[in-house]
Structures are given as C-alpha cells and as structure tokens.
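The values are calculated or read from the model by the stated rules, or taken from the named source; none is laboratory data. Just so you know, these numbers come straight off a predicted model, no measurement behind them. Quick reminder, even Gly has a Cβ in these numbers, built from the backbone with ideal geometry, and neighbours come from all protein chains shown.
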Amino acid sequence: MKKILFSLTATLLMLTVFGQPSDKFTRAMEALVPAVDTTRSAEGLTELANSFERIANAEKTQWLPFYYAALCYINKANMLYAAQQMDQIDPLMDKAEPLLMKAEELEKNNAEIYCLKKMFNTGKMMADPMNRFMTFGTAAAAALETAKALNPDNPRVYLLEGIDKFYTPEQYGGSKTEAKSLFEEAIKKFESFKPSSSIHPSWGLSQVKYFLTQQ
C-alpha cells in the first residue's frame, strides 16, 4: 500500500511540475505581451501573431500563445475594417478561428477567451453586417454575456460593452452617454484588476482612455 501511495504521489507531482509553464516560455511571452497593447500597424500585428504562433507550436499545452495570436489577427482585422478594406477581414478571421478554438480547448470557461470570442464574432459580422448580423451578432452578444457571468470584474467586458454602445446607432440601441458610463466602469475595474501572472491578459486600458477622449 505504501508503494502504491508513493507511486501515486510521485505521478501527481510530475504532472504538476510538467503542467507548469517553463521559465523559457514565460520569458519569451513576457517579451511579446506588452506589444499587444501598443502595436498600431497591420504589419506589426502580423509579425506579433507569427511570434505567438511559434511559441504556441513549441508549447502546445499552453493556451495563452494561441489566445494572443488570435487576438493579433482580430486586432488587425479591426484596423482593416476602419480602413474599409473589407475583403481582407474574412481571411484574417480564418487564421484567428483555429487559434481561438485551440485556446478554448486548453482553457475552459475563461472570461478572457469569451471576450475574444465576442471580438471574433463581431469581426465576422462587420465583414458583411447586412447578411451576418443574426448569426454573428447574436453569437457576439452571447459570448460577452458569458464572459461577464464568468468574471464580472474583468475590465475588458466593460470596454467591449462600451465600444458596442459607442458605435451602434441610437435607433438600434446605441448611446454615447451609456458608452461613457461603461468606459468609466472599465477604468474602475482596471484599477483593481490583477492579472493571474505577468503574461496573462492585461490589455485595454489605453483603448478605454482613447474612447473617453472621444465623448
């Protein structure tokens, strides 16, 4: 019996140790994660996505590099949407989708991933809003609702809610006043929000501050 207990204990210890991210992985991610919130060019986002994908391919059990690679492609799609380069959105979403699916496969019921699912579905909708609103608009709203239920203290939930209110026409439920309140709530959440580690999501504060200057 003692030998069996020792064997089980040793197995659990090995699983715990090997399930943890390595120092090399953490250092590689720490060199890239801050750029997620500061990269402002399509080319830069492509390079950043490629870097995260290389880490993801090397660390196949870690959800964060898959998450960040998908986020970079989605951010690039948003940038191209603003430039009215609509034909380039779907190809980027095709790159983001399997990365997002892999992140969710590795990390269940995570508010950050549901925020990203919200952004993904919004991007898919905006590539063809007239024909896609019912499908992707509904999925985006459901993803954000789930993110909020999983972690109501996540500031990115209120940032994304505020962006929706900011850009939606008033006749369809938009409101600059409500958007401002949501951005102010996001600021409060950022003041108390503590990422789980140095490489967990912390992006969004600069976006909130930008939108507050647009009121």
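Taking helices (runs of 4 or more DSSP H) that fall entirely within the stretch 131-215, which contain at least 1 residues that are polar (S, T, N, Q) and more than 18 Å from ASN75 (Cα to Cα)?
Numbers: elements: 138-150, 155-167, 176-192, 205-213.
In the stretch 131-215, 138-150, 176-192, 205-213 are the helices (runs of 4 or more DSSP H) which contain 1 or more residues that are polar (S, T, N, Q) and more than 18 Å from ASN75 (Cα to Cα).
Being polar (S, T, N, Q) and either in contact with a Pro (Cβ under 7 Å, 6 or more places away or on another chain) or modelled with pLDDT under 95 (or both): is that true of SER51 here?
Judged against the criteria, SER51 is not a match.
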